[in-house]
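Below: the structure, in structure tokens.
The values are calculated or read from the model by the stated rules, or taken from the named source; none is laboratory data. It should be emphasised that the depicted structure is a prediction, and the values quoted were computed from it without experimental measurement. Ideal geometry is used to build each Cβ from the backbone, glycine not excepted, and the neighbour counts take in all protein chains shown. The accessibility values were calculated without ligands, DNA or RNA, using every heavy atom of the protein model including side chains. Shrake-Rupley method; radii C 1.70, N 1.55, O 1.52, S 1.80 Å.
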Amino acid sequence: MHRPDPHSYYDAAQPKARRLRLKLGVDFAAKRIDGEVVLEFGEAVSGPLDLDTKGLEIRAVQVPGHGPIAWVLGEVDAILGQRLRLEVPAGTREVAITYRTGADAMALQWLDPEQTEGKVAPYLFSQCQQIHARTMVPCQDTPIARIAYQAEVTVPEGLTAVMSAGPTGNEATGDGRHSFRFTMPQPIPSYLLALAVGRLESRDLSPRARVWAEPETVAAAAWEFEGVEAMILKAEGLFGPYPWDRYDMLVLPPSFPYGGMENPRMTFLTPTLLAGDRSLVDVVAHELAHSWTGNLVTNASMEHFWLNEGFTVWAERKILRTLHGDDAAALGWAMGQKALEDSLERFKNEPHLTVLRLHLEGIDPDDAFSSIPYEKGARMVAALEHQVGEADFQRFLRDYMDAFRFTSITTEQFCAFVDQKLPGALAAVNAKAYLDEPGIPATAPQFRSAQLDNLTALAESWAAGGRPAPQQIVAWTPAELQVYLQKLPRQLSVADCAWLDEHFQLMGRGNHEILVEWLTLAAAADYEPAFPRIREVLIRVGRMKYLRPLYGALGQHPRTRALAREIFAAASPGYHGLSRRVVASVLEAYPA
Ligand code: BES
Ligand code: ZN
């Protein structure tokens, strides 16, 4: 037995599925998927086969041409779920499992019509990263066991299904439903399985890129993301030809718990990116960059998550720099620095979660999630780049992509490859400090610009009476204002808040990074005029990046604590299960 991923029952000594054939019946009334999955091995196999499941009802397991085979579900593990062990008879080339999803399937959020933009039809979306694919499909739910897939998804007539795959056709079933067929010919990690169903329309942005959204938001989405082809071209310049054929995007309802998710051929995005001024498209640059760093070369398990996210943040800022210049990139790194410091503070009593090479046996990867793999990881990548120079690093990246394309690798494999291609570089940047030691290495690269220094100095002069001049207030870009707000003292007075609100018109901002940064300051200051807006945002938006600081800041005063509890009671039925869990943990940490 060899279990290489602490978050999966996958046993590398057993047969490995190469391809899945899925039939998914989406039942909105029952909030359930009736599924059939055929695991294809591509050769004759036999013996025990362990799959991951969580909350699934297993109805039948068969080998086509042979009949039902023996199976048994193991004990429930709170993190992993239940092992499904099959006894596969000799000569088996494929196994078919009929199943239903459970009521609390973490991968799925079922939305009532009121939770959508159009308010007329229900909506379903999945979010499988980190380890939730097993709540949607029984499978070897580890990034090491890559799979191609094809799927047929049946939904009520009038709704559209999209997946992390190419569409191959759709037809009415004749019974009031409609079937959509998909294929993903390239082998992907299971966390990139993805499905969304709703009232959807699309707009073409380039010959290979299109955006999907509800009809009410599709025009705004097409405008916001119009520049995506230019980003694809920049990314190709860094990493080589785009490897997934099409780059489409889906703008989800506001309860989507992340900013973006890099599902191949169909990036999922929060609608909070629709700021109306294209100021938040760095999230698209990030998800696009995952097409190489993450989707093409993948972390072997969540213990090596930094290989996905650290590289991708580095690439995102590289794209940002080529499109918008050095100052814009420096602001991006400054925002990252703030996120990194917040995460280090959050994990100050759990230093083992602040290293890049994680040890996650017995730890839920959603609990270990933070900005550390992103920002500490990106700083290590930047340190390597600075060490060897841009041109050599560029060549290294191309070699890295070629050597590991469509594979899933560990930190050790990465380091061995660097040692081979860039001898001495790891030692020169003190990689060990990033990989295995807590905190930020003292030698980590700093990203400065004159404008960043100005904003920092001005924000730091707040207590001494320093205020931005009227011409600065009108001239700042959204990113500059965001960095300024982030650098203000965390504890402002009510009068301070009133000044900021009046001069920057913060309450009505469409850029959610600015809006939430402001509301967090206002909550910490017990600034009552912001309470209605705080309530609105927390009821509508389920993005965890915003819920954590905002609910956190509401914990500082008795009446904001009461407000937070009241809002959570009203909002929680509309939150995704992951978001609900995060907020509950924030509220539990409030003083009694
Ligand atoms: N892959 C992540 C989202 C994710 C991480 C989902 C862990 C589940 C578990 C995605 O690429 C991401 O990092 N999104 C960020 C965007 C940002 C860093 C630009 C987000 O959602 O905020
Ligand atoms: Zn990412």
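So, THR293, is that one touching a His at 6+ places or on another chain (Cβ under 9 Å) and either without any contact (Cβ under 8 Å) to a residue 24 or more places away in the chain or within 16 Å of ligand 2 (Cβ to nearest atom) (or both) or not?
no
Looking at region 527-543 only, could you name the residues that are in contact with a Pro (Cβ under 9 Å, 6 or more places away or on another chain) and either modelled with pLDDT under 95 or surrounded by fewer than 19 Cβ atoms within 10 Å (Cβ to Cβ) (or both)?
Pass one, region 527-543, residues in contact with a Pro (Cβ under 9 Å, 6 or more places away or on another chain): 540-543.
Correct list: ARG540 only.
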Any hit, region 254-262, residues being crowded, with 24+ Cβ neighbours inside 10 Å, among the aliphatic types (A, V, I, L, M) and either outside any strand (DSSP E or B) or more than 10 Å from ligand 1 (Cβ to nearest atom) (or both): no
Hey, TYR400 among the hydroxyl-bearing types (Ser, Thr, Tyr), in contact with a helix residue (DSSP H, G or I) (Cβ under 6 Å, 6 or more places away or on another chain) and either crowded, with 20+ Cβ neighbours inside 10 Å or not in a helix (DSSP H, G or I) (or both) or not: no
Within region 146-191, considering residues that are outside any loop (DSSP other than H, G, I, E, B) and among the basic types (Lys, Arg), the one nearest to PHE28 (Cα to Cα): ARG177
Only one of LEU250, LEU274 that is within 30 Å of GLY118 (Cα to Cα), away from ligand 1 (no atom under 13 Å from the Cβ) and open to solvent by 10 Å² or more (accessible area, probe 1.4 Å): LEU274
Single residue of region 463-502 satisfying the filter (small (Gly, Ala, Ser) and without any contact (Cβ under 8 Å) to a residue 24 or more places away in the chain) that is most open to solvent (accessible area, probe 1.4 Å): ALA464
Test: TYR374 is aromatic (Phe, Trp, Tyr) and more than 16 Å from ligand 1 (Cβ to nearest atom): no
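Condition check ((1) acidic (Asp, Glu); (2) not in a strand (DSSP E or B)) across all residues:
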{"residue": "ALA30", "(1), (2)": "no, yes"}
{"residue": "VAL37", "(1), (2)": "no, no"}
{"residue": "GLY42", "(1), (2)": "no, no"}
{"residue": "GLY47", "(1), (2)": "no, no"}
{"residue": "VAL61", "(1), (2)": "no, no"}
{"residue": "ALA90", "(1), (2)": "no, no"}
{"residue": "GLU94", "(1), (2)": "yes, no"}
{"residue": "THR98", "(1), (2)": "no, no"}
{"residue": "ASP104", "(1), (2)": "yes, yes"}
Subset of region 309-329 that is among the hydrophobic types (A, V, I, L, M, F, W, C) and within 14 Å of ligand 2 (Cβ to nearest atom) - its residue that is surrounded by the most Cβ atoms within 10 Å (Cβ to Cβ): VAL313
Test: THR312 is among the polar types (S, T, N, Q) and either within 30 Å of LEU538 (Cα to Cα) or part of a helix (DSSP H, G or I) (or both): yes
Unmet criterion (only one of (1) over 18 Å from GLY81 (Cβ atoms); (2) surrounded by 20 or more Cβ atoms within 10 Å (Cβ to Cβ); (3) touching a residue at least 60 places away in the same chain (Cβ under 8 Å); (4) not polar (S, T, N, Q)) for PRO156: (2)
Tabulated pairs, region 306-335, first more than 15 Å from PRO373 (Cα to Cα), second open to solvent by 30 Å² or more (accessible area, probe 1.4 Å) and within 11 Å of ligand 1 (Cβ to nearest atom), C-beta under 7 angstrom, 6+ apart or interchain: LEU320/ASP282; ALA328/LEU320; ALA329/LEU320; GLY332/ASP282; GLY332/LEU320
Test set (1) open to solvent by 10 Å² or more (accessible area, probe 1.4 Å); (2) within 15 Å of ligand 2 (Cβ to nearest atom); (3) under 19 Å from PRO167 (Cβ atoms) - PHE268 fails condition number: (1)
Within region 348-389, tally of residues that are more than 20 Å from the chain's Cα centre (by Cα), open to solvent by 30 Å² or more (accessible area, probe 1.4 Å) and either hydrophobic (A, V, I, L, M, F, W, C) or within 23 Å of LEU80 (Cβ to Cβ) (or both): 6
Qualifying residues in region 174-196 (those that are farther than 30 Å from GLY42 by Cβ and touching a residue at least 12 places away in the same chain (Cβ under 8 Å)) - the one surrounded by the fewest Cβ atoms within 10 Å (Cβ to Cβ): GLY176
Any hit, region 434-442, residues being more than 24 Å from HIS359 (Cβ to Cβ) and touching a residue at least 40 places away in the same chain (Cβ under 8 Å): no
Qualifying residue in region 337-345 (condition: within 13 Å of ligand 1 (Cβ to nearest atom), assigned to a helix (DSSP H, G or I) and either among the hydrophobic types (A, V, I, L, M, F, W, C) or modelled with pLDDT under 95 (or both)): yes
